[in-house]
Every structure is written in structure tokens, then in C-alpha cells.
Amino acid sequence: MQASANAARIAENEKPKSKKFSLKTPYMKQGRVTQLVAETTNMWIHTKINAEGGENEIHQHLDEDHAFIVLEGQMSVFDETGAELKIEQYQGVMIPRGAYYRYLNTGDDNLVVLRVGAGAKKQKQEGDAMRLGKDGKPLPVLPPLSAADQALYDPGKTTYMNTCAVCHHEAGYGNAGKGPALLDSDWLENEERLVRLVLHGARGPIAINGEPFNSEGALEMPAWAPSMDDQKIAGILTFVRREWQENPQPVQPATVARIRAATSNRSTQWTEKELLEIK
């Protein structure tokens, strides 16, 4: 987070007076930026610009109430159950302290949001230490991707949104009757199983984090090996892991190529039992 050069600030020992601040902020070609524009001991105002994505981890703030007001674009705000609030331009959403949420830019262009936060009197926000995940622990801060891994992530996101999101949801929550959730899914952990699943597809009942899915076996995941090369599959999985797995590791095209070669004779989709036998 950075502060605007013209940010309005009132220190605790300063005489109260009105101060003007600017909301001018650059558009982003990729990524996001958060900029402080005004601050007192009890209130913080930021602009948030998202070219894509949003806040990917479900979390809560324990020391502030806050609100998002959409100035440009549109966003969706999700709670820990996957319930979605769609926020259009000139609409806002209030998030009281302790409420779990994450948000996503769902428009075609930059999402420009005004974020207003307010804490207990003279109790300033304590930053990342007070942003807690569902396990009650502070959210991990992911290191930036290398240039090579970013070159996988960016097209991988595009392919996911155009191809995979119809079944798994653009925010990873899954779609009833189409595909399971990917958010925090235990199937993202084992690379050997994950790559095989995408290459050749899956059929039959499967458990996601111990919960049964597709119990009647009516749904099938298609094989993507015939239509996607190693680079494209590695990009999708790098994006998915980065967005919805803790401590994610990118998937390399060489890994996909190795597994593709090792399973080249396979002509049927995987079952859960077969995948679980792979270590």
C-alpha cells in the first residue's frame, strides 16, 4: 500500500480541522494498487484499483468496520459460504468487523473502489496481523511470482475464465450441477494427481475436502489433453493454485509434458480411486 502525495492526515495531537484530499489515481494494465488518501486516528480512506482479480482469500478484520463504494466498474463480494453480493457502479457494501469476505472484479475494465474503514476510538488498525483467515490465523502474504511464472499465470487466468469458470465459477466456488469448488480444495495439493485429472478428465463420485460430490456419478470432467498443450495446462493450474490454495507452487510445463508422456496410452477418464493411488 502507498500513500497519495496529497493525502489528508490528522495526527492524534493535531488540532482538528477540515482537509481536502484527491481521489486521482492511475489505471492499471494488470494487478492492483491500494493508495491511502485520508487518515485520522479513527478512520482510513483508500482508493483501490484492480485491473483484474481482487482479494482472493476469505478473511475478516477484527479491529475495524469498513465499506467499499464502487466508483467505476463492478465487483462481487463473497462470504465464507460462497454467497455473492453484486455491487454495481455507485453502489456500496458495508462489512462490519468480524464478517468474512473476499471480493472480485467482475467487470471488463478497471475496478475503482473507495474503501472507508473506521476503528474503535484511538485504536488504529493493526494491518495484516488483524486480517484473519477462516482458521483464525493471519493471512499469509504470498511472494511475487517470477517473470517466468507470471508468464504462465496471466494467460492461465484468461483460459480459466473462458473455459473452466463455466463449471467451477470465476471465483472458484463451483457451480451446482456442473463442477465442484476449487477454493481451498484438497485436490490442488498433489501435483501428480492434479495434472492427470486435467489431462484425462474424471468421472464418478469424488470427495472434496471430505465432502461427497457427484454421488450419483451424473457429472463428468472432460479430458483436456487433446485440445490444450503443456504450456496452457500449466498456466491454468498455476493460476488456480495461486488464487485458491495456501502456499501455492506454480505448475511447470515440463511437469505436464512428463505426465502427458507417462500416461499417453490412457483413453478413459480417471476415477477417484485411481487418482488416490498416485502418490
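Computed from the coordinates by the stated procedures, all read-outs in this text should not be read as laboratory data. Fair warning: this is a prediction, and the values are worked out from it, not measured in the lab. Ideal geometry is used to build each Cβ from the backbone, glycine not excepted, and the neighbour counts take in all protein chains shown.
Here are some values of Rg and Dmax of the Cα atoms in Å: (i) 21.4, 76; (ii) 22.0, 70; (iii) 24.0, 90. Which one was computed from this structure?
Checked against the structure: label (i).
If I build a Gaussian network model for the chain, linking alpha-carbon pairs within less than 10 angstrom, which residue out of Leu145, Leu114, Leu183 has the largest mean-square fluctuation?
Comparing Leu145, Leu114, Leu183 in the GNM, the peak value goes to Leu145.
If you take every residue apart from Phe21 with its C-beta less than 11 Å away from the C-beta of Phe21, what net charge results, scoring Lys and Arg +1 and Asp and Glu -1?
Values: positive: Arg9, Lys19, Lys20, Lys24; negative: Glu39.
Counting the neighbours of Phe21, the net charge comes to +3.
Just report the Cα centroid separation between region 56-99 and region 153-219, whole Å.
Each part's Cα centre sits 25 Å from the other's.
When the chain is fully extended, how far beyond the present Cα-Cα distance does Asp154 get from Lys19, taking 0.36 nm per residue of separation? Display every interim value, and only then the final one.
Values: separation 135, 0.36 × 135 = 48.60 nm, distance 4.05 nm.
Separation in residues times 0.36 nm, less the Cα-Cα distance, equals 44.6 nm.
Which FRET efficiency value, to the nearest 0.05, do you get for Ala262 and Glu189 by plugging their Cβ-Cβ distance into 1/(1 + (r/R0)^6) with R0 = 30 Å?
Once rounded, the FRET efficiency stands at 0.90.
Could you tell me which of the pairs Lys48/Lys157; Lys157/Lys273; Lys178/Lys273; Lys24/Lys157; Lys19/Lys48 are separated by over 23 angstrom between their Cα atoms in the structure shown?
Going by Cα-Cα distance, Lys157/Lys273; Lys24/Lys157 fall outside the 23 Å limit.
Roughly how many debye, to the nearest 20, is the charge dipole of region 214-260 about its Cα centre, given +1 on each Lys and Arg Cβ, -1 on each Asp and Glu Cβ, and no other charges?
240
For the chain, with the dipole built from +1 on Lys and Arg beta-carbon atoms and -1 on Asp and Glu ones, taken about the Cα centre, which of Thr263, Gly73, Leu36 lies farthest toward the positive end?
Toward the positive end, the furthest listed residue is Leu36.
Give me the one-decimal Kirkwood hydrodynamic radius in Å for region 2-132, with the sum taken over alpha-carbon pairs.
So the Kirkwood estimate lands at 15.3 Å.
Restricting to DSSP H runs of at least four residues, report the calculated mean residue ellipticity at 222 nm for the chain, -39500 (n - 2.57) per run over all residues, nearest 500 deg cm²/dmol.
It comes out at -6000 deg cm²/dmol, rounded to the nearest 500.
Once you charge only the Cβ atoms, +1 for Lys and Arg and -1 for Asp and Glu, what is the size of the charge dipole of region 169-218 about its Cα centre, to the nearest 20 debye? The partial results should precede the final answer.
Working: 4 positive and 8 negative charges, 54 e Å.
For this selection, approximately 260 debye.
Identify which of Leu197, Leu219, Leu111 has the largest mean-square fluctuation in a Gaussian network model of the chain, with springs joining Cα atoms closer than 10 Å.
Evaluated over the chain, the most mobile residue of the options is Leu219.
Evaluate the relative contact order of the chain (contact order divided by residue number), counting alpha-carbon pairs under 8 angstrom at least 6 apart; express in whole percent.
14
Let's test the formula: R0 of 25 Å, r as the Cβ-Cβ distance of Leu276 and Thr163. What FRET efficiency results, to the nearest 0.05? Before the final figure, lay out each step's value.
Values: r = 26 Å, r/R0 = 1.04.
The formula returns an efficiency of 0.45 here.
Among all stretches of the chain without exposed GluC sites (Glu not before Pro) (DSSP loop, at most 12 other Cβ atoms within 10 Å), which one is longest?
89-215
On a 0 to 90° scale, report how tilted helix 191-200 is relative to the longest principal axis of the chain, with both axes built from alpha carbons and the result rounded to the nearest 10.
60
Tabulate in residue order the Karplus-calculated ³J(HN,Hα) for region 173-178, using 6.51 cos²θ - 1.76 cosθ + 1.60 with θ = phi - 60°, rounded to whole Hz; enter x for Gly and Pro.
Per-residue couplings from phi come out as 8, x, 10, 4, x, 10 Hz.
What does a probe at Glu80 reach in region 33-60, counting residues whose amide N is under 19 Å from the point 7 Å along Cα→Cβ?
Once the point is set 7 Å along Cα→Cβ of Glu80, 55-60 turn out to lie under 19 Å by backbone N, inside region 33-60.
Only Lys, Arg, Asp and Glu count, each charged at its Cβ (+1, +1, -1, -1), so figure out the dipole size of region 152-279 about its Cα centre, rounded to 20 debye.
Using only the charged Cβ atoms, the result is roughly 400 debye.
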